[in-house]
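S.K.: Dropping a structure here in structure tokens format, bear with me for questions.
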Amino acid sequence: MGYPFHEIEHKWQAFWAKKQTFKAQELNDKPKYYVLDMFPYPSGAGLHVGHPLGYIASDIVTRYKRHKGFNVLHPQGYDSFGLPAEQYAIQTGQHPAITTKANIKRYREQLDRLGFSFDWSREVRTSDPAYYRWTQWIFSLLFDSWYDTDKNKARPINELIRIIEQAGTSDINALCDDDTPALSANAWKKLKPHEQQAYLLYYRLTYLAETEVNWCPALGTVLANDEVVQGVSERGGHPVERKKMKQWSMRISAYADRLLQGLNDIDWPEPLKEMQRNWIGKSIGASVRFQIENSTKEIEVFTTRPDTLFGVTFLTLAPEHDWVDELTTAAQKEAVSSYVRQSAQRSERDRMSEVSKITGVFTGAYAHHPITNEKVPIWIGDYVLAGYGTGAVMAVPCGDQRDFDFATHFNIPIKNIFKDVDISKAAHVAKENTVMAQSDFLDGLSYEEATIKVIEQLTQSGMGEGAVTYRLRDAVFSRQRYWGEPIPVYYVNDQPQLIDEAYLPLILPEVSKYLPTEDGAPPLGNATDWAWDTQQNRVVSNDLIDYKTVFPLEKNTMPGWAGSSWYFNRYMDPHNQEVFASKEALNYWKEVDLYLGGSEHATGHLLYARFWQYFLYDMGLVPVQNFAKKLINQGMILGESAFAYRLKDSQTFLSKGLCSGKEVVPVHVDVSLVSHQNELDVAAVKKWQPHFADATFELENGKFIVGREVEKMSKSKYNVVNPDAICYQYGADTLRMYEMFLGPVEQAKPWNTAGISGVYNFLNKYWRLFHQENTFSLNDTPASKEALKILHKTIEKVTQDIEQFSLNTSVSSFMIATNELTALKCTNREILEPLTVLLAPFAPHICEELWALMGHKESISTVPYPVADPQHLQEDTKEYPISFNGKLRFTLPLGTALSKDEIEVAVMQDDRTQTYLDGKTPIKVIVVPNKIVNIVI
RNA sequence: GCUCGAGUGGUGGAAUUGGUAGACACGUUGGACUUAAAAUCCAAUGAGCAGUAAUGUUCGUGCGGGUUCAAGUCCCGCCUCGAGUACCA
């Protein structure tokens with residue numbers, strides 16, 4: 001029989017809740033520490049054993065830091081806007097707010113059972129108007145800002161207007177739309193107000209523009225690039241098309257370089273930083289302009305290999321390039337327009353799956369080489385993407401494999417510009433150790449030299465210059481969905497106008513249907529009261545729209561990542577009605593010290609949050625540029641799915657051993673019906689789902705054995721393990737320690753309860769250290785030397801482990817200590833009291849109970865953390881290695897006359913290498929303190 | 001294709017800057033307690049060889065080389081698995 005964990009856990013969870021033990025103190029003199037988990041999306045399925053992994057780890061650090069005397073902020077909340085709640089609403093007609101609330105309640109119950117020390121008084125929910133008021137407010141700020149390249153920061157749009165009014169746009173260096181027209185001060189003044197508004201959209205950090213977006217017809221909404229994975233939607237896996245639509249976008253591209261550079265200042269996992277670097281995708285190269293024959297126009301291309309300029313034998317434009325129509329000669333008109341039409345119809349996914357298929361068409365037009373003035377044909381090919389660079393490339397078949405393939409396919413000449421390189425079979429892509437040839441003034445130069453020289457030449461002649469391009473695109477910010485933050489904008493003369501911040505939040509209206517309307521308008525088009533009265537500053541009925549004082553409101557809502565891009569700041573001061581967080585709170589808590597979450601957010605949430613934080617910093621609203629100093633990605637806990645094998649076209653299932661040579665279909669079965677030995681409970685399966693009821697099960701050796709496979713935990717795979725069941729059987733403390741014991745937090749691993757008894761046994765053993773014959777008793781006499789050594793060794797090890805986030809090995813340390821103390825029959829208070837404090841972050845319930853039994857009145861979480869005393873840590877340094885009468889290992893060359901026994905060496909502990917004489921022979925002694933000694937003669 | 005990780009007993013996994021590989025746990029085997037079982041406790045457990053035994057000894061961290069007195073750890077070349085990304089010019 002084990003220790004009474006049920007009773008203990010209920011008791012202390014109630015105690016913590018009642019006493020508000022974990023409420024973060026406001027702004028006191030203690031050093032602060034902010035531990036944050038990525039807040040969960042409360043789905044209908046509830047928690048599975050994979051979710052708490054990160055929460056357990058962060059809770060251990062949190063409790064540890066509290067013991068260490070830090071004022072710790074450890075909040076939790078819910079990312080409660082999002083697609084699944086809405087899909088559920090569409091299917092059932094239930095308001096998402098209701099299902100979300102129910103899901104949150106369930107999550108909270110499950111979280112509470114695990115004994116987390118969250119400060120729930122600071123809970124935030126992104127779908128709460130008191131919260132999204134500030135999300136809308138940040139949107140307004142972004143709308144009212146532009147990016148000044150000279151100052152390298154965002155500035156208020158009013159300052160831009162003032163500059164334009166005085167001097168026009170000629171002196172402005174801004175990160176704005178590529179095709180922003182230049183304006184003089186006079187021209188600006190002549191614009192009508194709504195034209196001025198339209199013009200400012202070129203500069204605003206959130207702007208409305210006709211852009212190519214990822215349109216997902218099945219979901220009825222557009223998606224950001226990071227929500228599209230391999231041509232299909234991340235959620236649901238529906239096909240995604242490219243479509244031109246008028247959408248809100250966030251000018252994240254303005255921050256591309258800072259987002260890239262900033263990675264050097266934060267302690268985040270290298271793989272995650274690498275993912276962000278790739279996503280930002282900085283390329284350094286040159287812009288080159290090619291004059292079109294018989295035209296004043298120039299085609300601008302971007303290349304990372306300006307050194308290969310003399311190898312250009314044609315240009316290729318993307319089919320969507322703006323000048324395609326204009327360029328095409330009459331003779332080629334038909335071929336070109338049919339090709340353009342064709343490639344527009346090909347979906348993104350087709351284009352990806354048919355990568356190797358070479359297609360293209362000649363426009364009939366030519367351009368002039370910027371240096372040689374030679375005529376180069378202009379082609380169209382869909383291997384060139386409209387969205388990257390300028391949507392046009394200079395093709396160098398000898399140096400680029402795609403250009404090579406294209407040229408070969410269409411019989412375009414290939415010019416070799418590399419000395420002594422064979423390009424008959426493939427392009428020469430490598431740039432190192434190559435010497436230029438047939439390249440006029442570049443002949444004989446290396447790649448680096450040629451690059452510099454050619455850019456110099458182009459700059460001089462005005463035909464090009466060095467250039468940098470990013471892969472990072474502006475983030476589409478509109479969603480044609482219901483369950484999201486309304487965008488606080490109404491339209492006057494089709495131009496967006498902000499709702500004054502005094503009248504925020506703009507509350508999500510009730511609608512009759514959550515689906516988009518028939519005419520394709522977002523669900524908010526179903527709202528009857530969705531117009532803005534500019535006199536009364538409130539939402540009124542659509543019937544009152546007169547375009548004089550009452551105007552239509554924006555019908556799109558914000559994407560899921562809006563609310564999560566700044567929530568870490570709100571936790572610092574969650575109930576503030578005046579500002580999103582007070583200056584005092586922001587200056588005290590500053591940034592997250594430790595952030596835990598999954599790496600799947602690398603190019604979504606984590607990039608957007610960095611972007612918003614930079615912006616808020618530019619506006620002087622937050623004191624630090626980086627919102628999270630250190631980040632750890634916890635690995636996913638995977639499920640071990642179980643399969644029964646159905647004989648094809650039959651209702652017969654075969655035990656695993658009987659399948660070889662037969663055609664079988666694996667079918668998921670519920671893992672809870674399978675034993676550790678992979679034996680399926682056939683009777684239970686027949687009851688479980690009707691289609692198994694009449695099936696036949698062929699056994700082997702009287703058993704039905706299932707196949708196993710590790711997969712992501714998911715309801716549909718019937719491999720979900722619920723933490724409630726584990727808590728019931730073993731208790732929360734065991735679950736907490738077991739999840740840590742399973743392996744490094746960062747590592748993905750399959751859930752397997754096989755080893756849980758080891759951790760459970762440990763807690764029982766620990767309990768028994770304090771209990772003889774079920775009675776609590778401790779010994780107040782001084783502890784033995786051995787016991788003290790065990791204690792201090794454990795303090796040292798566990799402290800180091802937590803600091804280095806190696807929580808699995810600290811669990812081992814506790815087990816070793818407990819085993820050793822049991823063997824010593826140690827029951828001394830002097831040992832067990834500090835040891836219990838040490839264990840409290842890992843197993844808080846049992847430690848609170850023992851702490852109380854020891855006669856303490858206060859919660860153990862307020863007790864100072866024990867410190868290792870070096871006096872008790874001294875290893876057996878007296879005999880080893882200072883004197884060598886113990887074991888020694890020698891490495892002696894063959895034929896050495898000395899026998900091992902004859903050698904006596906004295907060694908200084910500090911010296912690593914010394915030379916000694918044993919009479920005649922000089923010997924080299926390499927010493928590593930406390931380690932092995934090798935002697936070479 | 002490119003980028004980044006990772007390969008250690010039957011299993012999960014330990015191993016500071018290169019310094020006694022396999023901590024700790026599961027599992028397995030044997031034993032104690034018990035009428036019996038559960039629970040608990042004790043012992044053994046990388047592989048091989050020699051020995052009644054204590055013990056000795058060889059091989060062992062995906063494969064092949066290298067550096068070093070010393071390599072799981074560093075270097076070079078492969079193989080396998082995982083993650084991310086992909087006509088990015």
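S.K.: Kindly provide the set of residues from the stretch A:432-443 that are closer than 23 Å to A:Pro413 by Cα and either within 39 Å of the chain's Cα centre (by Cα) or open to solvent by 40 Å² or more (accessible area, probe 1.4 Å) (or both), ordered by number.
M.R.: A:Val435, A:Gln438, A:Asp440, A:Phe441, A:Asp443
S.K.: Which one of A:Glu234, A:Glu165, A:Glu227 is without any contact (Cβ under 8 Å) to a residue 24 or more places away in the chain and of a type in the set (Asp, Glu)?
M.R.: After ruling out the rest, the residue left standing is A:Glu234.
S.K.: Would you check if A:Thr822 is in contact with a strand residue (DSSP E or B) (Cβ under 6 Å, 6 or more places away or on another chain), within 16 Å of RNA strand B (Cβ to nearest atom) and open to solvent by 10 Å² or more (accessible area, probe 1.4 Å)?
M.R.: no
S.K.: Looking at the stretch A:90-110, is at least one residue buried (at least 17 other Cβ atoms within 10 Å of the Cβ) and assigned to a loop (DSSP other than H, G, I, E, B)?
M.R.: Checked the stretch A:90-110: no residue is buried (at least 17 other Cβ atoms within 10 Å of the Cβ) and assigned to a loop (DSSP other than H, G, I, E, B).
S.K.: Considering only residues of the stretch A:1-48 that are within 16 Å of RNA strand B (Cβ to nearest atom) and open to solvent by 50 Å² or more (accessible area, probe 1.4 Å), which is modelled with the highest pLDDT?
M.R.: Per the stated criteria, the residue is A:Pro4.
S.K.: Check whether at least one residue in the stretch A:296-305 is without any contact (Cβ under 8 Å) to a residue 24 or more places away in the chain, in contact with a strand residue (DSSP E or B) (Cβ under 6 Å, 6 or more places away or on another chain) and within 16 Å of A:Thr469 (Cβ to Cβ), and report yes or no.
M.R.: Taking every residue of the stretch A:296-305 in turn, at least one turns out to be without any contact (Cβ under 8 Å) to a residue 24 or more places away in the chain, in contact with a strand residue (DSSP E or B) (Cβ under 6 Å, 6 or more places away or on another chain) and within 16 Å of A:Thr469 (Cβ to Cβ).
S.K.: Could you name every one of the helices (runs of 4 or more DSSP H) located completely within the stretch A:488-594 that has at least 1 residues being in contact with a strand residue (DSSP E or B) (Cβ under 6 Å, 6 or more places away or on another chain)?
M.R.: Correct list: A:567-570, A:583-589.
S.K.: Scan the strands (runs of 3 or more DSSP E) fully inside the stretch A:198-254 and keep the ones with 3 or more residues being within 15 Å of RNA strand B (Cβ to nearest atom).
M.R.: So the answer is A:206-216.
S.K.: Would you point out the residue of the stretch A:445-482, among those that are of a type in the set (Phe, Trp, Tyr) and assigned to a loop (DSSP other than H, G, I, E, B), that is farthest from the chain's Cα centre (by Cα)?
M.R.: A:Tyr482
S.K.: I'm trying to understand the selection: among the residues of the stretch A:828-860, which are more than 21 Å from A:His6 (Cβ to Cβ) and either assigned to a helix (DSSP H, G or I) or within 15 Å of RNA strand B (Cβ to nearest atom) (or both)?
M.R.: Matches in the stretch A:828-860: A:Arg829, A:Glu830, A:Ile831, A:Leu832, A:Glu833, A:Pro834, A:Leu835, A:Val837, A:Leu838.
S.K.: Same structure, new question: Does A:Lys23 qualify as being among the basic types (Lys, Arg) and farther than 19 Å from A:Gly69 by Cα?
M.R.: Criteria not met by A:Lys23.
S.K.: Restricting to helices (runs of 4 or more DSSP H) lying wholly in the stretch A:696-774: which have 3 or more residues that are more than 30 Å from A:Leu680 (Cβ to Cβ) and within 13 Å of RNA strand B (Cβ to nearest atom)?
M.R.: A:756-769
S.K.: Is there a residue in the stretch A:331-345 that is away from RNA strand B (no atom under 13 Å from the Cβ), within 28 Å of A:Gln457 (Cα to Cα), in contact (Cβ under 8 Å) with a residue 12 or more places away in the chain and surrounded by fewer than 20 Cβ atoms within 10 Å (Cβ to Cβ)?
M.R.: Looking through the stretch A:331-345, none of the residues is away from RNA strand B (no atom under 13 Å from the Cβ), within 28 Å of A:Gln457 (Cα to Cα), in contact (Cβ under 8 Å) with a residue 12 or more places away in the chain and surrounded by fewer than 20 Cβ atoms within 10 Å (Cβ to Cβ).
S.K.: Quick one: would you say A:Glu274 is part of a helix (DSSP H, G or I) and either under 30 Å from A:Tyr614 (Cβ atoms) or not hydroxyl-bearing (Ser, Thr, Tyr) (or both)?
M.R.: It is true that A:Glu274 is part of a helix (DSSP H, G or I) and either under 30 Å from A:Tyr614 (Cβ atoms) or not hydroxyl-bearing (Ser, Thr, Tyr) (or both).
S.K.: Considering every residue within the stretch A:569-580, establish whether at least one is among the polar types (S, T, N, Q) and either touching a Phe, Trp or Tyr at 6+ places or on another chain (Cβ under 8 Å) or buried (at least 23 other Cβ atoms within 10 Å of the Cβ) (or both).
M.R.: Yes, the stretch A:569-580 contains at least one residue that is among the polar types (S, T, N, Q) and either touching a Phe, Trp or Tyr at 6+ places or on another chain (Cβ under 8 Å) or buried (at least 23 other Cβ atoms within 10 Å of the Cβ) (or both).
S.K.: Could you say which residue among A:Ser80, A:Ser117, A:Ser127 is of a type in the set (Ser, Thr, Tyr) and open to solvent by 10 Å² or more (accessible area, probe 1.4 Å)?
M.R.: A:Ser127 is the lone residue from the list that is of a type in the set (Ser, Thr, Tyr) and open to solvent by 10 Å² or more (accessible area, probe 1.4 Å).
S.K.: When only residues in the stretch A:404-431 that are under 39 Å from the mean Cα position of the chain (by Cα) and without any contact (Cβ under 8 Å) to a residue 60 or more places away in the chain count, which is most open to solvent (accessible area, probe 1.4 Å)?
M.R.: This residue is A:Val429.
S.K.: Answer with yes or no whether A:Lys273 is in contact with a Leu (Cβ under 6 Å, 6 or more places away or on another chain) and within 14 Å of RNA strand B (Cβ to nearest atom).
M.R.: Criteria met by A:Lys273.
S.K.: Taking only the stretch A:666-689 into account, find how many residues are open to solvent by 50 Å² or more (accessible area, probe 1.4 Å) and either under 22 Å from A:Asn722 (Cβ atoms) or within 41 Å of the chain's Cα centre (by Cα) (or both).
M.R.: Residues in the stretch A:666-689 being open to solvent by 50 Å² or more (accessible area, probe 1.4 Å) and either under 22 Å from A:Asn722 (Cβ atoms) or within 41 Å of the chain's Cα centre (by Cα) (or both): 8 in total.
S.K.: Mind checking whether some residue in the stretch A:213-229 is acidic (Asp, Glu) and surrounded by fewer than 16 Cβ atoms within 10 Å (Cβ to Cβ)?
M.R.: No, the stretch A:213-229 contains no residue that is acidic (Asp, Glu) and surrounded by fewer than 16 Cβ atoms within 10 Å (Cβ to Cβ).
S.K.: Next question. Collect the residues in the stretch A:717-759 that are touching a strand residue (DSSP E or B) at 6+ places or on another chain (Cβ under 9 Å) and either without any contact (Cβ under 8 Å) to a residue 12 or more places away in the chain or among the aromatic types (Phe, Trp, Tyr) (or both), keeping them in residue-number order.
M.R.: Matches in the stretch A:717-759: A:Tyr718, A:Trp751.
A quick yes/no check of all residues on (1) more than 26 Å from A:Ile756 (Cα to Cα); (2) touching a Ser or Thr at 6+ places or on another chain (Cβ under 9 Å); (3) not polar (S, T, N, Q):
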| position | (1), (2), (3) |
| --- | --- |
| A:Leu821 | no, yes, yes |
| A:Leu832 | no, no, yes |
| A:Met854 | yes, yes, yes |
| A:Glu858 | yes, no, yes |
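S.K.: For A:Ser295, indicate whether it is assigned to a helix (DSSP H, G or I), open to solvent by 20 Å² or more (accessible area, probe 1.4 Å) and more than 14 Å from RNA strand B (Cβ to nearest atom).
M.R.: The answer is no for A:Ser295.
S.K.: Restricting to the stretch A:588-616, name every residue that is charged (D, E, K, R) and more than 10 Å from the chain's Cα centre (by Cα).
M.R.: A:Lys590, A:Glu591, A:Asp593, A:Arg610
S.K.: Ok, one more. For the list (1) among the polar types (S, T, N, Q); (2) farther than 14 Å from A:Ile252 by Cα; (3) open to solvent by 40 Å² or more (accessible area, probe 1.4 Å), I need the number of the one condition that A:Thr149 fails.
M.R.: Looking at each condition in turn, A:Thr149 falls short on (2).
S.K.: Still on this structure, please answer the following. Taking the options A:Leu638, A:Leu647, name whichever one is within 16 Å of RNA strand B (Cβ to nearest atom) and open to solvent by 20 Å² or more (accessible area, probe 1.4 Å).
M.R.: After applying the criteria, what remains is A:Leu638.
S.K.: For A:Val324, all conditions in the list (1) surrounded by 15 or more Cβ atoms within 10 Å (Cβ to Cβ); (2) free of Cβ contacts under 8 Å to residues at least 24 places away in the same chain; (3) touching a helix residue (DSSP H, G or I) at 6+ places or on another chain (Cβ under 7 Å) hold save one; what is the number of the exception?
M.R.: Unmet condition: (2).
The values are calculated or read from the model by the stated rules, or taken from the named source; none is laboratory data. The structure displayed is predicted, hence computed values, not measured ones. Neighbour counts are summed over all protein chains in view; Cβ atoms, including those assigned to glycine, are modelled from backbone coordinates with ideal geometry. The protein model used for the area step is the full one, side chains on, heavy atoms only, and it has no ligands, DNA or RNA in it. Shrake-Rupley method; radii C 1.70, N 1.55, O 1.52, S 1.80 Å.
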